[in-house]
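The values are calculated or read from the model by the stated rules, or taken from the named source; none is laboratory data. Predicted, not measured: the structure shown is a model, and the values here were computed from it. Neighbour counts are summed over all protein chains in view; Cβ atoms, including those assigned to glycine, are modelled from backbone coordinates with ideal geometry. Only protein heavy atoms, including side chains, enter the accessible area calculation; ligands, DNA and RNA are left aside. Shrake-Rupley method; radii C 1.70, N 1.55, O 1.52, S 1.80 Å.
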Amino acid sequence: MASAHSEQVKESLRVGITFGLTSAVITTTGLMVGLNASTGSRLAVIGGILTIAIADAFSDALGIHISEESENQHTPKEIWLSTIFTFLAKFFFALTFIGPVLLLKLPTAIMVNLIWGLGLLAVLSWRIAKMQNEKPLRIIAEHLLVAVVVIGLATVIGSLIAQIFN
């Protein structure tokens, strides 16, 4: 019985951390570069990061909760653990992007955070590849490509917003 319990917790933790970290990196870096391109405002970027850490963390946690319920394969305890771990991972990892914005000039902070976020995503992707006995380079490249596309699109949209509304 204790083994089944620890497996439940382990699986819920894996779901929460992998989803929460990935979402924190993609959403926060995309939002940061978009807000920076459109406003150039440290205040806007800090507000965006805090909004991601709170509102989007709750949103993602509820999304995982409903998704796990809809599978009809998990116990209520597993569902709630995945929900809680998703919120905590998204909240924590999103907040890690705030330090550089507070301490560095905004353009430098954005670059530091892009390196940090892509590094986190690369490490997570490497761990996933190893767990699946896959070649890490392919998995890492696939995941980083998606992140770079999001970052690029957010930058372009931010720049267009600045041109249209300034």
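Go through the stretch 88-108 and report how many residues are open to solvent by less than 40 Å² (accessible area, probe 1.4 Å) and free of Cβ contacts under 8 Å to residues at least 12 places away in the same chain.
1
Just need a number here: residues in the stretch 64-79 that are open to solvent by 40 Å² or more (accessible area, probe 1.4 Å), in a helix (DSSP H, G or I) and free of Cβ contacts under 8 Å to residues at least 60 places away in the same chain.
Of the stretch 64-79, the ones open to solvent by 40 Å² or more (accessible area, probe 1.4 Å) are 66-67, 69-77.
From the residues that got through so far, the ones that are in a helix (DSSP H, G or I) too are 66-67, 69-71, 76-77.
Subsequent filtering for residues that are free of Cβ contacts under 8 Å to residues at least 60 places away in the same chain retains 66-67, 69-71, 76.
Total satisfying the criteria: 6.
Considering only residues that are aliphatic (A, V, I, L, M) and either over 14 Å from VAL45 (Cα atoms) or outside any helix (DSSP H, G or I) (or both), which ones fall in the stretch 100-111?
Applying the first criterion (aliphatic (A, V, I, L, M)) to the stretch 100-111 yields 101-104, 106, 109-111.
Residue satisfying the conditions is LEU104 alone.
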